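Novice: Dropping the structure in here first, questions after.
Rule-based calculations on the coordinates, nothing more; no lab input. Just so it is clear, the structure is predicted and the values come from calculations on it, not from any experiment. Cβ sites come from the backbone with ideal geometry, for glycine too, and all protein chains shown count toward neighbours.
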């Protein structure tokens, strides 16, 4: 194994923490009820993920579409959404960092492996994600970050996984991707020829669920997977 690819949200950073902050900012700026903001975020996320899984989402409007859909859902101008996500990024605290994420990234570096992120975007641009990774010193352990709004492609498309590998001249068989979404991260990585680890919070043990795929309960499970692959 030469390269480990990390999904960001719900792998290194808590999507729940960020969405809760976004919800608070939408309530404040859009003057809507908490339930309305929460439901809007949930429904738009569900719709966008379905379109991505089916390959129907326009790669050239990855970020803009999600912002416009959220704005339409709450009946406000898209500028309100843009302000809310900016404010949420400024306000979210250190609880946004997933437990074990920093130690895992540090261990990958200490093993001499290449460490990258491969992330989709929704509601906020990748530049905001980069800011959070810098703010909480996770970026110090990442060799390069790749995001869908920059590459104009998204997970689970093969190109989203293969383009970063080409940058480092690493073959899919020499790379492993870990993330929390079964369709986007796990199945997407496997279809691109990588090894894959699915973070399923309900998992109580490390389990091999495909010839090149494993299921773990959290990001710390990566180490046992690497030990298995080295045997």
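Novice: Within the group 182, 166, which residue is free of Cβ contacts under 8 Å to residues at least 12 places away in the same chain and over 20 Å from residue 94 (Cα atoms)? Break it down stepwise before answering.
Specialist: On the way: 182 fails: free of Cβ contacts under 8 Å to residues at least 12 places away in the same chain.
Answer to the check: 166.
Novice: Among what's in the range 214-231 and is touching a helix residue (DSSP H, G or I) at 6+ places or on another chain (Cβ under 7 Å) and farther than 14 Å from residue 1 by Cα, pick the residue that is surrounded by the fewest Cβ atoms within 10 Å (Cβ to Cβ).
Specialist: 220
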